[in-house]
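Before any comments, here is the structure.
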Amino acid sequence: MNFHSLDYFLVLAREKNFTRAAEALHITQQSLSSHIAGLEKELGCTLLVRRTPLELTYAGRTFLRYAESIGQTRQAMEREFCDISENQKGELRVGIAYTRGRAIMPRLIPAFQRQYPNVEITLLEGSNDAIQKALLSGGIDLAIAAYPKAPPSIELADYYTEHTVLCLVDSLLVQCQIDLDVRRNEIAAGDLHSLRDCPFVLGSAADIGGRIGRELLRASGISPISKATSENVETLLALCVQGVGACFCPENLLQTALSPEQLAQLHILPLCPSASYPICFGYLRRSYPWSVLSEFIRIAREQTA
């Protein structure tokens, strides 16, 4: 048994398909099958039920638990010796929401790699909830997200505060007979009852922005007229500019999601304090904390200072 065989089994268990796993590993399917057959012979157990999709046997699930533990220990060892030798290299896997990544990463990654040119950044972009699940499963090393309630196994470090705003265009104000001069202050206080007849384009309930928007509407007694739902804030804002519906959006993402001409078409309304939330760095509590991870956090904070 060797590390290659363990790595191959982990990828196969994740993909549940020999063809996809072989492609992900950049080896032939025949080579992958040979390694798995060798493991089964060495262990004296069948690890897989060979059907579509593949299933792990009881022995396979047991072996997966040990393989994951060995993989984590091996990774910690490699990273600790990189620190000891002051030869920082490897892969740092970072999870972040799509639009937040576009706003942050184009400045952050070049700044980080000027100091750590041999560390590759691999981004996983997805919803707030999906990123946290990936962190808990060991699929990423660091999750930049909002954490309403973090599990005990996740260590949090502060990054910045994100403020949700409400965006809408003149045509919607006319259509719904909303006078902003009269309603602006009550909207800022979180009272959205004047928007009961206004259509919305909403973020997914799995994402923090979509969840906050829905909670504000619910608190105002509004069952929203939803014209579209998406996890992609850029898509929602593009629809908002077209007058399809009002949109809840993190204020700091507007500049990267829209052109100056599009921004000029929007009324951007601040909301109550409950519509703001901290964005944090989240990482698993490990036996050895890789210095590269803490350096990435330090450089990220410097970029937003």
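The values are calculated or read from the model by the stated rules, or taken from the named source; none is laboratory data. Only a predicted model underlies this, so the values are computations on that prediction, with no experimental measurement involved. Quick reminder, even Gly has a Cβ in these numbers, built from the backbone with ideal geometry, and neighbours come from all protein chains shown.
Run down Leu284, Leu253 and say which single residue is within 22 Å of the chain's Cα centre (by Cα) and in the same structural domain as Val182 (by TED's automatic domain parsing).
Leu253
Among the residues of region 190-210, the ones that are more than 13 Å from Gly245 (Cα to Cα), under 27 Å from the mean Cα position of the chain (by Cα) and buried (at least 20 other Cβ atoms within 10 Å of the Cβ) come to 4 in all. One residue stands out among those in region 77-110 that are out of contact with any Ser or Thr (no Cβ under 7 Å at 6 or more places or on another chain) and among the charged types (D, E, K, R): the one that is modelled with the lowest pLDDT, which is Glu86. Out of curiosity, is Gly139 of a type in the set (Gly, Ala, Ser) and under 30 Å from Ser294 (Cα atoms)? So Gly139 passes the test. Scanning region 5-41 for residues that are surrounded by 17 or more Cβ atoms within 10 Å (Cβ to Cβ) and outside any helix (DSSP H, G or I) gives no hits.
For region 104-142, enumerate the residues that are small (Gly, Ala, Ser) and more than 18 Å from Gln75 (Cα to Cα). The answer is Ala111, Gly126, Ser127, Ala130. Of all the criteria given as (1) surrounded by 14 or more Cβ atoms within 10 Å (Cβ to Cβ); (2) part of a loop (DSSP other than H, G, I, E, B), the one not satisfied by Ala134 is (2). Going residue by residue through region 160-181, is there one that turns out to be on the phi > 0 side of the Ramachandran plot, of a type in the set (S, T, N, Q) and out of contact with any helix residue (DSSP H, G or I) (no Cβ under 7 Å at 6 or more places or on another chain)? Scanning region 160-181, I find at least one residue that is on the phi > 0 side of the Ramachandran plot, of a type in the set (S, T, N, Q) and out of contact with any helix residue (DSSP H, G or I) (no Cβ under 7 Å at 6 or more places or on another chain), so the answer is yes. The strands (runs of 3 or more DSSP E) falling completely within region 195-305 that include 1 or more residues that are closer than 27 Å to Arg93 by Cβ map to 199-203, 225-230, 247-250, 276-284.
Residue-wise test of (1) of a type outside the set (A, V, I, L, M); (2) assigned to a strand (DSSP E or B); (3) surrounded by 13 or more Cβ atoms within 10 Å (Cβ to Cβ).
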site: Val94; (1), (2), (3): no, yes, yes
site: Gly101; (1), (2), (3): yes, no, yes
site: Phe112; (1), (2), (3): yes, no, yes
site: Thr122; (1), (2), (3): yes, yes, no
site: Ala157; (1), (2), (3): no, yes, yes
site: Glu162; (1), (2), (3): yes, yes, yes
site: Leu168; (1), (2), (3): no, yes, yes
site: Asp181; (1), (2), (3): yes, no, no
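Out of Tyr288, Tyr277, I need the residue that is at pLDDT below 95 and surrounded by 18 or more Cβ atoms within 10 Å (Cβ to Cβ). Which one?
Numbers: Tyr288 fails: surrounded by 18 or more Cβ atoms within 10 Å (Cβ to Cβ).
After applying the criteria, what remains is Tyr277.
It is to be established whether one or more residues within region 53-71 are of a type in the set (Ser, Thr, Tyr), modelled with pLDDT under 85 and not assigned by TED's automatic domain parsing to the domain that holds Pro250. Within region 53-71, one or more residues are of a type in the set (Ser, Thr, Tyr), modelled with pLDDT under 85 and not assigned by TED's automatic domain parsing to the domain that holds Pro250. Screening region 46-67 for residues that are touching a Gly at 6+ places or on another chain (Cβ under 8 Å) and part of a loop (DSSP other than H, G, I, E, B) and picking the one that is nearest to Asn2 (Cα to Cα) gives Leu47.
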